[in-house]
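Structure first, commentary second.
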Amino acid sequence: MESDWKDWQNTGAYRRLLELARNPYDLTAPDALIKDGRLTRYICRTDVLSLHYATQRVDDQVLACLQELADECGLIHQFAAMRRGAVMNSIAGFASENRQVLHTACRDLFSDKPAEPAASGQARKEIEKVKTFLEEVEKGKLCNKQKEAFTTMVHIGIGGSDLGPRSMFEALRPFGLQGREVFFISNVDPDDAAGVLRKVDLRRTLVNIVSKSGTTLETLANETIIRRAFTDAGLDPSLHCLAVTGEGSPMDNPEKYLRSFHMYDYIGGRYSVTSMVGVVMLGFYLGLDQVMDFLRGASMMDMVAENPHIKENMPLLLALLGVWNHNFLEAPTLAVLPYSQALHRFPAHLQQCDMESNGKSVTRQGRPVSAKTGPVLWGEPGTNGQHAFYQLLHQGTEIVPVEFIGFRKSQYSEDLVIDGTTSQHKLLANLLAQSVAMATGQTSDNPNRNFPGNRPNSIILADQLNPLTMGALLALYEAKIVFQGFLWDINSFDQEGVQLGKVLAGRFLKHMNGRKTQANTLEMAVLQATKLI
Ligand code: G6Q
C-alpha cells in the first residue's frame, strides 16, 4: 500500500487544519447552532442512519480541509483496496501477520459482483451450512437424545469472539424466535461458567464454542468445564457442542463437535461479528432471515464507505470529525453514549474494536508515530450516565467529545403517556438536551453554575434499532476505525500489545502449579508478595 500512503502531517491540509484549530467554531456564540442553516446542512444521511454534526466545532472551511486531507492521503482508495483483498495487516520490513483484511466480504453477499469474490464465496458456503443446521434444529432433525428440541445456546468465547456477538445479541434481543434463549461465558473466572450453568437445562442446550485460534486459554478452560457438566449430567457433550474456528486450528476437529463452522485468517477477531463468529449464535436466536437483514445493513454501509465525498460518506466523516477533535483540538478520549438500553454492551464492543485496532505507536513502516493515534473510548447508555458521570462532561477540566446514538421508536413499542409524554419522548428529549447543553453551555454569575460549553458532539439517529440498522451501525464504526488507522498510517488489524501479558500469565501459572520453583524469578517474588502461593 506504499503508493497510497502519504504522511498526513506533511500535507497542506494538515497545516491548514492546525491553523484553523487555533480558533475553532464557537458553539457558545449567540445563535451558533442555527446560523446558516447549520442544523439542517450538517447532516449526513444513509438509507437507515443519519449523522447530525452541527454540534461539532467545525465550519465549512474545516470540512473542506478534512476533505482535502482524506483525498491527499488516499483514504477511499485504501478502503477500496482493503475490500478487494490487498494485504493490509502488515508492517513493512518486519515480522507481522501479513494478511488480507476481509471482514467486509462476510456481508458482501447482495450484489452480483462482490469486491473479493473468493472470500465472499467462502462466506456464502458457511452461511449455507448455517442454513442447513438451523433447518435441522427447526424441524427436529437435530435434537437431544430424548427427541426434544434445543431451546438454548451457550456461546463461549472471549475478546473478539465474545464482545461483538454478545453486544449484537443484546441489541436485538426483542427480535428473537419464540422460546429461544442465549447465554454467554467468556471470563476464565470460574464463577462465569458456574453462573450460567445454574440457569440452563443442559438437555435442551447447544454450546457454541468460538475461537479463531482454537488455543485461547479462557475458552478452552470454559469448554472443558461445560463438557464436564454434560458428562456429569449423563449427557454426551459431542451431541451438544458446536465449534466456530479457523480452518486448520486445533479446534478444527469435526469429530469432537456436532457441527463445525469456519472463519478465515483474513477476518480479525474484533471485526468478526458478521462472520460465523456472530452468525451461528444470531442465526439460532433470530433465524436466518433476520441475520441476512443484519448483514445487509452492514453491506449497505460498506458501500457508503467508498463514496469519495466526506459529506456523503458517514464513516469517513465520523472518522475525520474524530481526528479533528483528537489531534487538532487535543481531546484525549471519546465517549459513545447510546440512548438505548439495548445498546448497553455496544460501547464495550467499540472499545475493543477501536482501542485494539488503533492503540498503536508505530507506523506501517515500523517507525514511531509522530502524532496521537487512537483515543481512549468509553461509554454507557443514557439516561443512566446522566446520573453518574455527565458532571465531568459538562464542567470537568477534560473535554470529552461525545457520539450520541438514538432511535425515534422503541423496540417493543410498549410505552405509557405520563404527564403528556411517553418514556421514549423523555429519552429523546434528554438526548437532545445533552447534545445542546454540551455545545452551547450556559453562563451564570455563580461560577459553580457556569457551563463552559464547546463540548463537541454528534448524534447518530435511526428510526428503530433492528437487525438492519444494527448491521449499519456496526459497519459504520468498523469503517470509521479503519479510516482513522489509514490516516494515522498504523496497522489497525494486529494486536501485538496483548502478547506480553499472555506470556507472563503463563509463567505465573507454571509457578502456581509447582512446575517452577526457583525463588529468584520476578514472578515468584510477586506471587510471594501478594501471598498467592
Ligand atoms: C481480536 C483479538 C482478540 C481475540 C481473542 C479471542 O481482534 O484478536 O480479542 O478475538 O483473544 O481469540 P480466539 O478467537 O482465537 O479465541
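What follows is calculated from the coordinates using simple rules that are stated; it is not laboratory data. Because the structure is a prediction, the values reported are computed rather than measured. Neighbour counts are summed over all protein chains in view; Cβ atoms, including those assigned to glycine, are modelled from backbone coordinates with ideal geometry.
Observations on the structure shown:
- Across the stretch 375-418, the residues whose backbone nitrogen lies under 19 Å from the label position 7 Å along the beta-carbon direction of residue 449 are 391-392, 394-396.
- When both bridge partners sit in the chain, DSSP labels roughly 25% of those beta bridges antiparallel.
- Contact order relative to length of the stretch 233-345, as percent, for alpha carbon pairs under 8 angstrom and 6 or more apart: 12
- The alpha carbon centroids of the stretch 32-110 and the stretch 226-296 are separated by 31 Å.
- Highest-first arrangement of 243-250, 473-480, where packing means the average Cβ count within 10 Å: 473-480, 243-250
- Expressed in units of 2.2 N^0.38 Å, where N is the residue count, the Cα radius of gyration of the stretch 87-179 is 1.47.
- With the simple model of a label 7 Å out from the Cα in the direction of the Cβ, residue 289 to residue 416 spans 3.4 nm.
- Full extension of the chain between residue 221 and residue 527 yields a length gain of 107.9 nm, computed as 0.36 nm times the residue separation minus the alpha carbon distance.
- Taken one residue at a time, the phi angles of the stretch 306-322 give Karplus couplings (6.51, -1.76, 1.60, θ = phi - 60°) of 9, 6, x, 8, 4, 6, 10, 10, 4, x, 5, 5, 4, 5, 6, 4, x Hz. Gly and Pro are set to x.
- Using θ = phi - 60° in the Karplus curve 6.51 cos²θ - 1.76 cosθ + 1.60, the 3J(HN,Hα) couplings for the stretch 54-61 round to 4, 8, 9, 8, 10, 10, 4, 5 Hz; x is entered for Gly and Pro.
- Efficiency of FRET from Cβ geometry, residue 253 and residue 371, R₀ 51 Å, rounded to 0.05: 0.65
- Under the combined filter of DSSP loop state and at most 10 neighbouring Cβ atoms within 10 Å, the stretch 393-429 retains these trypsin sites (Lys or Arg not before Pro): 408.
- Sparsely packed loop sites in the stretch 296-374 (the GluC sites (Glu not before Pro) outside DSSP H, G, I, E and B with at most 12 other Cβ atoms within 10 Å) comprise 330.
- The calculated FRET efficiency for residue 191 paired with residue 146, based on their beta-carbon distance and R0 = 30 Å, is about 0.50.
- Cα-based shape type of the chain, given that a ≥ b ≥ c are square roots of the gyration tensor eigenvalues and the cut on a/c is 1.5: prolate
- Whole-number percent relative contact order across the chain, with pairs defined as alpha carbons under 8 Å at least 6 apart: 19
- Förster radius 22 Å - calculated FRET efficiency between residue 22 and residue 392 (Cβ-Cβ, nearest 0.05): 0.30
- Of the chymotrypsin sites (Phe, Trp or Tyr not before Pro) in the stretch 380-466, the ones in a loop by DSSP (not H, G, I, E or B) with at most 15 other beta carbons within 10 Å are 412.
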